[in-house]
Amino acid sequence: MKKVLLTGASGFIGQHLLLELRGEYEIHLINLNHDNSKSKKGSTVHVHYADIKDHKTINAIVKRVSPEYVIHLAGASSVAKSFENYNGTMDSNYYATVSLAEACRKDGNIAQFIFAGSSEEYGPALKNSRQRITEDTLLNPTSPYAVSKANADMYLQYIGSAYDFPYTIIRPFNTYGRTDNNSFFIEKTISKMLSKEQSISLGDPLLIRDWLYIDDHVSGYMKVIGNKAAIGQVIQLCTGKGHNIKETAELIADMTDFKGQILWNALPKRPFEASIMIGDNAKAKRLLGWEPKYDLKQGLEKTISFWKEKL
């Protein structure tokens, strides 16, 4: 059974991906905390407790495990918080990735190093909703978070060229479907509308986003792992369809029977935030045979159903 080293297994994407990987691989997790009971179940799952920023310990784990595949999801995930915690964001997303990749390169057993990049790396690339971001679009990161991800991308491409390091960079667009965190736009809007609040405060209604449901995001990773066509590639996971924030919120209101008031532009704007972010998934279709199964309404139905029961 081939070994997979998975970082960030207790996070949003990692929890779902772990369930898909289990049974097919010998899984080794790097977890910061000792409270992820889900990850401890099963004879093929081994947990190593370490801070991803602890380079010495990470090097020791890689040397001991000698994984064939690495799926690196761990890191700072908040764009907004990165403006204040820029040093911590760079440590978690850039330096930790460099350290982990170099440990794998020196170990010599790595067949594929899969890194979670971000659509945020492109910044304000699009001028109108008829355009699409492709993997060749010039990177223009406009937050410490985006800079940290872009730097990690470039380092992986550097060691790919210099040492034939087998990297794959995944750049997912805005993913939703969280079941334990309602601080992000879709989950926050759903939970507030289901709670029948008289009014909810939201930000800029004109921002356009490419919403990707969690199951489609995870299926993309499953198509990537072990796929030789993905080696040395940057691949976007997205729907290719844009929905503005107002349209999305009104659809959620209709689906939750929300009768309250939406207060637009009631939240502070994020510095340099891109107005339009819509991806092109042609490369994922061509190389991976992947395409999203859920449109926005179908994904929202599943997300609303969960939060309705939880609340």
Give me the three principal axis extents of the stretch 230-293 from the C-alpha atoms, as integers in angstrom, largest value leading. 48, 31, 13
Kirkwood radius from Cα pairs of the stretch 153-289 plugged into Stokes-Einstein at 10 °C, 1.306 mPa s, gives D in µm²/s equal to 93
Calculate how large, on average over all directions, the projected area of the Cα convex hull of the stretch 76-149 is; give the answer in nm² to one decimal. 6.0
Give me D for the stretch 70-200 in µm² s⁻¹, whole number, from Stokes-Einstein with Rh from the Kirkwood sum over alpha-carbon pairs, 37 °C and 0.692 mPa s. 199
What pairs in LYS149/LYS283; LYS106/LYS283; LYS196/LYS308 have C-alpha atoms more than 23 Å from each other? LYS106/LYS283
Computed from the mean reciprocal separation of all distinct C-alpha pairs, what Kirkwood hydrodynamic radius does the stretch 186-230 have, in Å? 13.8
State the volume of the convex hull built on the alpha-carbon positions of the chain, expressed per residue in Å³ and rounded to an integer. 129
VAL98 neighbourhood, Cβ < 12 Å, K/R = +1, D/E = -1, net charge -1
In a Gaussian network model of the chain with springs linking alpha carbons closer than 10 Å, the residue among GLN131, GLN157, GLN236 that fluctuates most is GLN131
Relative to the longest principal Cα axis of the chain, at what angle does helix 96-107 sit, 0 to 90 degrees, rounded to 10? 30
Comparing SER148, SER161, SER275 in a Gaussian network model of the chain (Cα, 10 Å), the one with the largest mean-square fluctuation is SER161
Isotropically averaged projected area of the stretch 1-139, using the convex hull of Cα atoms (one quarter of hull area), nm²: 10.0
Pair-distance profile P(r), taking every C-alpha pair of the stretch 55-103, with 10 angstrom steps and integer %: 25, 47, 22, 6
Please report, to two decimal places, log10 I(q)/I(0) for the stretch 205-251 at q = 0.17, 0.25, 0.26 Å⁻¹ as given by the Debye formula with identical point scatterers on the Cα atoms and no solvent. -0.61, -0.91, -0.95
For the chain, give the share of DSSP beta bridges that are antiparallel, in percent and rounded to the nearest 5; count only bridges with both residues there. 5
What's the angle, to the nearest 10 degrees (0 to 90), between helix 214-224's Cα axis and the longest principal axis of the chain? 30
Highest-fluctuation residue, ALA80, ALA111, ALA284 considered, GNM on the chain with Cα pairs under 10 Å: ALA80
Over the alpha carbons of the stretch 120-162, what is the largest minus smallest coordinate on each principal axis, giving the biggest first in Å? 37, 22, 9
Report the full-extension gain for the segment THR57 to ASP204: residue separation times 0.36 nm, less the Cα-Cα distance, to one decimal in nm. 48.6 nm
To the nearest 10 degrees, how steep is helix 296-310 against the longest Cα principal axis of the chain, on a 0 to 90 scale? 90
Once the piece of chain linking LEU19 and LYS308 is laid out straight, how much longer is it, given 0.36 nm per residue of separation minus the C-alpha distance between them? 101.7 nm
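Values quoted throughout were computed directly from the atomic coordinates according to the rules given, and no laboratory measurement underlies them. Since the model is a prediction, treat every value here as computed from it, not as a measurement. Glycine also receives a Cβ, built like all others from the backbone with ideal geometry; neighbour counts cover every protein chain displayed.
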